[in-house]
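Undergrad: Input: one structure, supplied below.
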Ligand code: SF4
């Protein structure tokens with residue numbers, strides 16, 4: 001038999017395992033390397049996240065290495081040239097780091113808040129947060145404030161876990177799955193794997209989204225909702241459940257604050273707070289004892305409904321009574337919700353009752369013995385097989401926090417939280433509601449902050465404001481304007497810094513954040529702000545450091561450019577201290593390690609941070625003799641301990657490598673991860689698989705390994721006392737800090753509803769909807785992640801131009817033809833774009849793919865690339881500030897609770913372009929090539945195999 005044709009010389013190849021970083025899912029990959037080049041990338045079948053699945057982006061990681069847009073050397077803006085002119089000169093790493101360290105040392109010794117350090121989708125917030133804390137600046141956050149902080153915060157202030165990294169549907173068992181506002185790329189491979197499982201076992205998939213793309217394409221039912229009205233849809237379903245008495249009575253009594261008593265004294269101090277005993281325990285009405293009792297006492301039989309007179313005479317009602325009264329109101333009836341959401345009353349009612357049917361009539365039982373928090377043994381877990389997932393389509397509205405809470409409320413009423421078939425938590429979640437760490441409030445020269453800059457406020461006392469109530473952070477997070485801004489407000493940093501509001505800064509470091517283009521609102525204006533100067537000729541932001549691996553639009557505005565590596569060229573820890581990759585059944589983390597040597601003069605930013613931390617003698621990075629404690633990031637990962645035995649990696653700890661989750665540092669830990677294909681998986685026993693908020697064994701494990709400070713049960717908060725404290729501050733009824741500005745008072749009183757609420761998005765409240773009748777949203781495609789892949793030759797073949805997608809019938813009624821050019825205008829600006837008419841679009845909505853449009857000359861693309869001439873950004877239309885209102889200072893265009901950027905509140909008008917008006921508009925100047933750049937090739941080839949001579 002003839003031997004098989006040899007396409008590859010395998011003797012030259014090596015297989016290496018690492019973690020993908022073409023998006024934030026962090027799949028395991030198997031990489032074939034030959035001659036310091038990637039030959040193939042495959043999914044790692046053993047990896048818990050993707051189980052071998054690889055998406056288009058993942059395999060196209062090969063072309064990231066070939067990108068002509070890679071930065072090659074540290075760069076400095078040429079002396080005497082203007083910022084934004086694109087004139088750079090190469091400098092050495094020594095010069096770059098020496099000069100930056102010198103500048104930072106001065107800031108740290110004088111006023112550390114003059115450094116603002118903001119990072120994009122970096123996945124290393126445990127390090128960057130620690131670095132900022134040790135530096136002593138309050139001005140740090142990652143990208144969450146303009147991504148999905150509403151989603152994270154809603155979950156952590158109600159359940160102790162949240163969507164995506166914090167929880168997952170129980171894909172094996174769920175029978176009814178509802179997907180809310182999820183773009184195609186989000187939770188990419190895990191969601192695809194899950195949907196396949198759901199479909200195979202015959203579960204129903206309902207997609208709630210104004211656009212029928214991506215996952216929605218395989219939904220059994222598509223619900224084309226009007227953007228920004230999801231909260232009302234969820235609360236109307238709550239109305240239906242309550243009206244039909246379809247809720248999990250036992251679950252509410254055992255695991256939530258539904259039986260807790262709420263003080264009912266409107267207009268008086270203390271109104272709306274939970275009734276507490278002398279020790280501070282929440283009180284319930286015990287039906288057996290017919291007396292008030294400690295709600296945290298095991299075995300009490302609390303009343304779910306009822307109104308009582310407290311021992312001190314104040315009237316009180318159970319949370320459930322307050323809640324029921326509220327949502328049975330006619331404003332939440334399907335008939336009324338239908339007028340606002342665009343979903344028929346029949347559909348709203350049917351969906352709610354379908355879910356109730358599955359939850360209560362098709363419940364499942366898993367016969368496993370487990371012990372609850374009070375030590376009571378149970379012989380089974382009861383499952384309500386309804387689950388949900390939601391993301392940015394819900395989150396990126398100024399009512400997104402309350403909408404996300406409304407979706408969770410629906411799940412809680414159905415009893416689907418962390419049960420078989422329901423919405424399960426993933427370690428290190430659940431955490432106490434809310435997690436116990438508070439944001440740092442004070443900074444001082446040459447002194448680390450007492451805690452990390454970001455945390456979870458529970459009362460006005462936790463705000464980061466000065467004695468006059470003014471914000472202490474440059475982004476105004478944790479101020480009256482955004483009290484629970486748990487991920488900061490990155491989208492406000494440039495505007496506030498330029499306006500010196502609340503103060504001027506000296507140095508702004510952006511890492512992996514394209515803040516002059518697709519990651520900013522109001523792009524053209526922000527580019528002008530970055531170049532703006534004071535009367536003395538000094539830039540309003542005096543020094544701008546840009547750290548990136550690629551020639552993004554932001555690089556053009558840097559004064560100092562530090563070139564980063566790609567994900568295949570460096571060490572990384574995907575840590576439980578950061579954004580975890582655990583699965584519901586296993587505690588997991590993973591690594592990256594250099595499988596290629598960089599072919600240019602670049603350094604991983606993590607290495608640079610550890611280096612600078614040592615030079616600046618941050619206490620956590622310095623030995624007692626004053627020498628740097630860590631020689632490298634690799635060394636830091638192994639040897640840094642946040643608390644004794646707790647480090648960045650949880651696997652193979654202890655001197656002999658046999659301790660997991662907690663143990664002293666292991667010098668061979670990297671080797672053990674590499675031997676195990678780059679990940680660590682600690683399967684949880686079946687007895688810890690569910691109800692982890694009240695599961696004794698799990699809670700004790702979580703305490704032992706440092707996930708939670710205590711093993712106390714985690715109470716699900718349908719009613720948020722934290723929110724009520726802020727509302728009381730707005731009403732002038734709080735014993736503690738209160739805002740002075742009537743605007744702040746009114747916002748707190750209106751939006752900090754302790755129960756999930758619905759209100760019209762803030763920008764829409766101020767826009768003439770007759771003039772701007774269309775909702776305008778954007779989402780990311782499955783094959784591009786943010787702007788990262790615009791330089792990727794393979795992925796550009798799939799998409800290199802975005803269109804404005806519009807409902808076909810609506811477009812034709814307006815005389816707009818498929819593929820014609822139209823003007824799209826908002827209160828903030830206008831753009832010219834090409835239209836595509838489609839059936840799968842809600843009639844009052846237009847949408848597009850984000851971050852496909854590029855500034856000419858950026859990302860190593862040819863100046864005339866389709867991305868620059870035909871692609872476009874919707875960002876030009878969106879303002880970072882709400883439309884002005886008389887008698888009010890300019891407010892951020894964000895959620896008034898969390899500061900989440902309200903990208904999707906945009907309203908626009910659309911009209912055909914005049915004949916001859918073609919091509920994208922506005923047009924920006926072409927960005928100049930960088931020193932050492934080679935011309936972009938016409939074709940970028942990847943040689944896949946040796947030629948085969950079929951004739952021989
Ligand atoms: S979903 Fe695709 S791009 Fe994202 S980590 Fe997984 S393989 Fe990589």
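Undergrad: In whole Å, what three semi-axes, largest first, describe the equivalent ellipsoid of segment 384-434 built from its Cα gyration tensor (square root of 5 times each eigenvalue)?
TA: 20, 14, 10
Undergrad: I need the shape label for segment 248-331. Rule: rounded when a/c is under 1.5, else prolate if a/b > b/c, else oblate, with a, b, c from the alpha carbon gyration tensor.
TA: Oblate, since a/c reaches 1.5 and b/c is not below a/b.
Undergrad: Additional query: Stokes-Einstein at 25 °C, 0.890 mPa s, Kirkwood radius from Cα pairs: D for segment 357-420 in µm² s⁻¹?
TA: This corresponds to a translational diffusion coefficient of 181 µm²/s.
Undergrad: Then there is this: Cα convex hull of segment 173-283: how many Å³ per residue?
TA: Spelled out: Cα convex hull of segment 173-283, divided by residues, is 189 Å³.
Undergrad: Could you tell me how many degrees, from 0 to 90 and to the nearest 10, lie between the Cα long axis of helix 93-110 and the main elongation axis, the longest principal axis, of the Cα atoms of the chain?
TA: Between helix and principal axis, roughly 40 degrees.
Undergrad: Under 25 °C and 0.890 mPa s, how fast does segment 284-337 diffuse according to Stokes-Einstein, given a Kirkwood radius computed over C-alpha pairs? Answer in µm²/s, whole number.
TA: 193
Undergrad: Let me ask something else. Could you list 839, 349 in order of exposure, starting from the residue whose Cβ has the fewest other Cβ atoms within 10 Å?
TA: Result, fewest neighbours first: 839, 349.
Undergrad: For the Cα atoms of the chain, what angle does the longest principal axis make with the long axis of helix 400-413, in degrees from 0 to 90, nearest 10?
TA: Long axis of 400-413 versus the principal axis of the chain: about 50 degrees.
Undergrad: If you don't mind, another one. Distances over 13 Å make up what percent of all Cα-Cα pairs in segment 672-712?
TA: 59
Undergrad: Need one word for segment 6-54: rounded, prolate or oblate. Basis is the Cα gyration tensor (sqrt eigenvalues a ≥ b ≥ c); a/c below 1.5 gives rounded, then a/b vs b/c decides.
TA: prolate
Undergrad: What's log10 of I(q)/I(0) for the chain at q = 0.09 Å⁻¹, Debye sum over Cα points only, no solvent?
TA: Cα-only, vacuum Debye calculation for the chain: -0.97.
Undergrad: What angle do you read, to the nearest 10 degrees and between 0 and 90, between the alpha-carbon axis of helix 742-751 and the longest principal axis of the chain?
TA: 70
Undergrad: A follow-up question, please. Which whole-number percent is the relative contact order of segment 6-54 (Cα, under 8 Å, 6+ apart)?
TA: Here the relative contact order equals 28 percent.
Undergrad: Quick one: work out the % antiparallel among DSSP beta bridges in the chain, nearest 5.
TA: The antiparallel fraction comes to roughly 65 percent.
Undergrad: Based only on other Cβ atoms within 10 Å, what is the fewest-to-most ordering of 148, 309?
TA: Ascending number of Cβ neighbours within 10 Å: 309, 148.
Undergrad: Now a separate question. How big is the C-alpha Rg of segment 222-286 next to the rule-of-thumb value 2.2 N^0.38 Å, as a ratio?
TA: Ratio of Cα Rg to 2.2 N^0.38 Å: 1.55.
Undergrad: As a footprinting exposure proxy, order 532, 188 by other Cβ within 10 Å, with the fewest listed first.
TA: Ordered from fewest to most neighbouring Cβ atoms within 10 Å, 532, 188 come out as 532, 188.
Undergrad: Output the peptides 475-487, 559-571 sorted from most to least packed, where packing is the average of other Cβ atoms within 10 Å over each peptide's residues.
TA: Ranked from most to least packed, the peptides come out as 475-487, 559-571.
Undergrad: Using alpha-carbon pairs under 8 Å, 6+ residues apart, how would you state the relative contact order of segment 684-841 in percent? Working shown, then result.
TA: Values: 147 pairs, mean separation 19.0, N = 158.
It comes to 12 percent, rounded to a whole number.
Undergrad: If contacts are Cα pairs under 8 angstrom and at least 6 residues apart, what is the relative contact order of the chain in percent?
TA: Once divided by the residue count of the chain, the mean separation gives 18 percent.
Undergrad: Let me check I have the definition right: for segment 390-517, take the eigenvalues of the Cα gyration tensor, multiply each by 5, take square roots. What are those semi-axes in whole Å, largest first?
TA: 32, 18, 15
Undergrad: Continuing with the same structure: First check a/c for segment 766-912, with a ≥ b ≥ c the square roots of the eigenvalues of its C-alpha gyration tensor; if it is under 1.5, answer rounded, and if not, answer prolate when a/b is larger than b/c or oblate otherwise.
TA: oblate
Undergrad: Consider all pairwise Cα distances in segment 519-621 and report the whole-number % of them above 23 Å.
TA: When all Cα pairs of segment 519-621 are counted, 51 percent exceed 23 Å.
Undergrad: Moving on to the next point. Can you show me the helix-derived [θ] at 222 nm for the chain, built from DSSP H runs with n ≥ 4 at -39,500 (n - 2.57) apiece and divided by the number of residues, rounded to the nearest 500.
TA: Helix contribution divided over all residues of the chain: -6500 deg cm²/dmol.
Since every read-out is calculated from the coordinates, none of them should be taken as a lab result. Note that the structure is a prediction, hence the values are computed from the model and not measured. Note that each Cβ is placed from the backbone with ideal geometry, even for glycine, and that neighbours are counted across all protein chains shown.
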